[in-house]
Amino acid sequence: MSSLSQDQINELITNAESEDDEDGWSWDGDTSDSELEGDSLVKTIREKLVSKLCSTPVNTSRNLYSQFPSSKPTSSIQYISNDDQDMYCFASSPEITINSDLDFIDIENLPIFYDNGVNISNISNGLMDVDESIKNTSNSISDNISGANKCSKKGKNQNSPKQVFSGQRNFNDDVCSKFIPKKFNFNDSQSGINLDFIDDLAPEFSELNIFKMIFDEHLVQHIVEETNKFFHFIIKNKVLQQHSKLKKWKETSVNEMYTFLALTLLMAHQKKKNIKDYWSTSPLLLTPIFGKTMSQDRYLIILRLLNFCDNQNQVQGNRLFKIDTIVESLRMKFRSVFKPYQKVCVDESIVEWKGRLKFKQYIPSKRHRFGIKLFVLCDCKTGYVLDYLVYTGDNKHINFNKSLKQSGSVITTLMEPYLNKGHIIYMDNWYSSPLLYQYLSEHNTGACGTVRNNRKDIPMFPTKLVPGQCISAITKGMMTCKWKDKRDVHMLSTVHDTKMSVTNKTDRVGNKIKKPDCILDYNVNMGLIDKSDMQMSFNNTARRSIKWYKKFFFSSA
């Protein structure tokens, strides 16, 4: 782009002063090279700047500047200098509204849109920002201007464009192509299974020891104590019938509880329709290991009395009281046993439950649509579940951040132990927002994900794109783009640039399909939660139950 020196800008201003003002606007009060007033002056300077900055001639005969407010507009030419390049911006005061086809307006609040060498501004409000990077023909420019006019006619609100990001903008055609995202340095030498736990297990490093590392004796002892308490609670408040099996109850122990859990896990590998079939003596159903390990009556009575809390000390307002101790213990173990690699992801999972429950959720995209929703943090390399939060309809189990709202607070709560370490987190559009990404970047954490186009501070992209077209906007180390596939996809990232890569897929004509790098990377790293759910479904030990906390324990624990 041919740069304009300060002398050239001054010359434009001086020449504009001497020209006639057809609209009757004139200078008023003390003015200087940096502060100008008047419709004609604004028009003249803008047309000359456009002519200077554009390689394709601009048709200035069009009625470009109209609908000024009754008060005199105030505009200014600002010279901006940074470490990389010098920039000239034409900025308008917030009080005026200029409805035009080709305009430089409120540049400090507009993003840079990049589309195959063309910087396009917010055309939904009738504004278009063009610079020397335009390589299209005059016809394509006319098409864009025509599209801007159509959008302008539809819009009822003629105020200045939606404020996107704070910071200065420029018209350099290489801004998007030369954008380099922030690099998040990460040391993966400590990633993997915690070495402290490996030393404790050595030399007997087996699956059983790993299981006991998570379900340690302290946790199992808690389950044993609460189960025994629950028996005394029942017989205290209930008259047992003559042949009730509860009369045969003997207090359980830690070893017996481990045996109970082992048989329950084994049932997932040898699935049968009814629990009693595991103790069947029929040659077709015979599985003698169950009868040799524990009697049927003993297993069923432990299953009936299985409990995880003291009902007499219930905490009001805690919807997870029934299983809160188990949840918090497992969360702590998950975090301490394994240290994640650089890339992690967050997504929703669901524990099926169709009974009555205050915080039961409906997620149509999941296999089990009704149930208890979990926010799961997962390591992208191994699929290991690092942490999870149970959604209860309130914010009592998350560290709520008022500025980030609930969705952002879920991310900051799950990522709290991993901030300032150089991790990169992937998330979907329920969580993503520029404010959250800025918060993560300030804490040395990268982020990438889909984003809703109505999020606060997301730029308003052109509504209609052709398949395969991608438009990007950049500011403050953050890149957002709109890509047209079968439908519009909006992405937000602090770790990707605007580059696109060729994929193995082809279109109907046989041409290779190009996709933005951020989308390719997102697709690779975001599917781990669903894969984890699939693996858990193969080993699901849950059975029909009228107690939601038992179903939750066997499904998620």
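Checking the structure you have, find out if any residue of the range 385-392 is at pLDDT below 95, aromatic (Phe, Trp, Tyr) and more than 19 Å from the chain's Cα centre (by Cα).
No, that holds for no residue.
Kindly indicate whether Lys322 is of a type in the set (D, E, K, R) and under 38 Å from the mean Cα position of the chain (by Cα).
yes
In the range 393-439, how many are within 14 Å of the chain's Cα centre (by Cα), over 25 Å from Ser365 (Cα atoms) and polar (S, T, N, Q)?
Looking only at that region, the number is 1.
Taking the range 391-410 as the region of interest, how many residues are of a type in the set (A, V, I, L, M) and either in contact with a helix residue (DSSP H, G or I) (Cβ under 6 Å, 6 or more places away or on another chain) or free of Cβ contacts under 8 Å to residues at least 24 places away in the same chain (or both)?
Going through the range 391-410 one residue at a time, the tally reaches 2.
Quick check on this structure: which one of Pro462, Pro467 is buried (at least 17 other Cβ atoms within 10 Å of the Cβ) and farther than 30 Å from Asp379 by Cβ?
Pro462
Val315 fails exactly one of the following numbered conditions: (1) within 22 Å of Phe554 (Cβ to Cβ); (2) touching a Phe, Trp or Tyr at 6+ places or on another chain (Cβ under 8 Å). What is the number of that condition?
Here Val315 clears every test but (1).
In the range 356-401, what residues are part of a loop (DSSP other than H, G, I, E, B), aromatic (Phe, Trp, Tyr) and in the same structural domain as Leu436 (by TED's automatic domain parsing)?
Listed by number, the residues that qualify are Tyr384, Tyr391, Phe400.
Residues to consider are Leu300, Leu284, Leu265; find the one that is loosely packed, with under 14 Cβ neighbours inside 10 Å and part of a helix (DSSP H, G or I).
The unique qualifying residue is Leu265.
How many of the residues in the range 218-262 are touching a helix residue (DSSP H, G or I) at 6+ places or on another chain (Cβ under 7 Å), not hydrophobic (A, V, I, L, M, F, W, C) and not in a helix (DSSP H, G or I)?
3
Please find, among Leu492, Leu436, Leu414, the residue that is assigned to a strand (DSSP E or B) and closer than 17 Å to Met526 by Cβ.
That would be Leu492, the only listed residue that is assigned to a strand (DSSP E or B) and closer than 17 Å to Met526 by Cβ.
The values are calculated or read from the model by the stated rules, or taken from the named source; none is laboratory data. Source: prediction; values computed, not measured. Cβ coordinates were reconstructed from backbone atoms using ideal geometry, including for glycine residues, and neighbour counts include every protein chain displayed.
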